[in-house]
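Quick notes on the structure that follows.
The values are calculated or read from the model by the stated rules, or taken from the named source; none is laboratory data. The structure presented is a predicted model; accordingly, all values stated were derived computationally and were not measured. Reconstructed Cβ throughout: ideal geometry from the backbone, glycine too, with neighbour counts over all protein chains shown.
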């Protein structure tokens, strides 16, 4: 009996020892259906779990210190912090508030388009053109018009409209980022370039129209590429939201607000404007963080040659890199100044979006990605324009 007890104890001891060894060697706890006991959501989106203390802790500390050392070595730590704060503040007041105002106005207009049937009309009329060319429903043409007449964030207000979303398949909706940003500020840029013709003695109409044609071709290519990737994730049949096509008595109908025409007009106007306010607030983190870093990597010291901690000062790293890569960048982008590299670098977050689409969570992912994609390029352009 004693030997049997010792044998069982030895087996249990060895088994427990092996389990402890496996647990200690596992540095990353893989994502499971049931989170650890006491776990709470600390951020939006899917949550994974890692070992509390691991190599990542120390690697982050080193990279974080190196990031600030990169600027402080040339600007000084005090000037670095002051410039970072001042640049973010100027971007907030000069750029984000402008974009917020644009989102509010275009949100109200987009709500009117949806409420009084313009979206339905354009979806029906332009569907034979938009679907074979862009692979999108005809309603996407409303996004082309609104962004062309204003700026990239105009597509955000449409993306918040439930009826507008119901006209899309799940894989089609993310492609609005490509479509909207292709035509943003198109009307403003074209008219501005053409207005320079008399003063310069050169006719820029052909150049402006050539650029517009390039935007059209580029929008088709980029939209189709995006659709190819999203179709692999979501398939081609999954609807964006339920109730895409409504019918009553065998006839297709669209949802509208209750009440008379005047009541519907004011309700749509104010509701759309409120959606624009929410969009304006949601773009603040992306614009301020990304553009502040890029501006500090692009610009140099003040006109005196000294660092004062003012907004838009920096270490001029990107122009130096552009000089080294001019044999590639000049034929590719046609830049005459190395500072122009800041524009594609700032718009780069648009290419990161596919990595943050969690499977089956398209609406939540889109609400995070669209503001960043639609506003990253617009935010950098304002302080750089003459």
Complete set of residues in the stretch 50-80 that are touching a residue at least 12 places away in the same chain (Cβ under 8 Å), surrounded by 13 or more Cβ atoms within 10 Å (Cβ to Cβ) and in a helix (DSSP H, G or I): 68, 70, 71, 74, 75, 79, 80
The listed residue being under 28 Å from residue 121 (Cα atoms) and modelled with pLDDT under 85, out of 246, 227, 213, 270: 246
Boolean, residue 191 is modelled with pLDDT of 90 or more, more than 20 Å from the chain's Cα centre (by Cα) and either surrounded by fewer than 23 Cβ atoms within 10 Å (Cβ to Cβ) or closer than 30 Å to residue 270 by Cα (or both): no
Enumeration of residues in the stretch 300-323 that are under 29 Å from the mean Cα position of the chain (by Cα) and either over 19 Å from residue 69 (Cβ atoms) or part of a helix (DSSP H, G or I) (or both): 310, 311, 312, 317, 318, 319, 320, 321, 322, 323
Candidates 262, 314, filtered to the one that is at pLDDT 90 or above and either under 29 Å from residue 73 (Cα atoms) or crowded, with 20+ Cβ neighbours inside 10 Å (or both): 314
Flag if residue 157 is in contact (Cβ under 8 Å) with a residue 40 or more places away in the chain and in contact with a strand residue (DSSP E or B) (Cβ under 9 Å, 6 or more places away or on another chain): no
Residues located in the stretch 294-311, provided they are within 30 Å of residue 103 (Cα to Cα) and either modelled with pLDDT under 90 or crowded, with 18+ Cβ neighbours inside 10 Å (or both): 294, 295, 296, 297, 298, 299, 311
Cβ pairs under 8 Å, 6+ apart, first in the stretch 118-137 and at positive phi and at pLDDT 90 or above, second assigned to a helix (DSSP H, G or I) and buried (at least 20 other Cβ atoms within 10 Å of the Cβ): 135/175; 135/223; 135/227
Failed condition for residue 168, given (1) free of Cβ contacts under 8 Å to residues at least 60 places away in the same chain; (2) out of contact with any helix residue (DSSP H, G or I) (no Cβ under 7 Å at 6 or more places or on another chain); (3) buried (at least 17 other Cβ atoms within 10 Å of the Cβ): (1)
Residue check for residue 96: surrounded by fewer than 20 Cβ atoms within 10 Å (Cβ to Cβ) and touching a helix residue (DSSP H, G or I) at 6+ places or on another chain (Cβ under 9 Å): no
Pairs where the first residue, in the stretch 200-224, is within 20 Å of residue 135 (Cβ to Cβ) and the second is outside any helix (DSSP H, G or I), C-beta under 9 Å, 6+ apart: 223/135; 223/136; 224/135
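Tell me the residue from 113, 129 that is in a helix (DSSP H, G or I), more than 18 Å from the chain's Cα centre (by Cα) and surrounded by 21 or more Cβ atoms within 10 Å (Cβ to Cβ), please.
113
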Residue match in the stretch 149-163 (condition: in contact with a helix residue (DSSP H, G or I) (Cβ under 8 Å, 6 or more places away or on another chain), modelled with pLDDT of 85 or more and in a helix (DSSP H, G or I)): no
Residue 102 being touching a helix residue (DSSP H, G or I) at 6+ places or on another chain (Cβ under 8 Å), surrounded by fewer than 16 Cβ atoms within 10 Å (Cβ to Cβ) and part of a helix (DSSP H, G or I): no
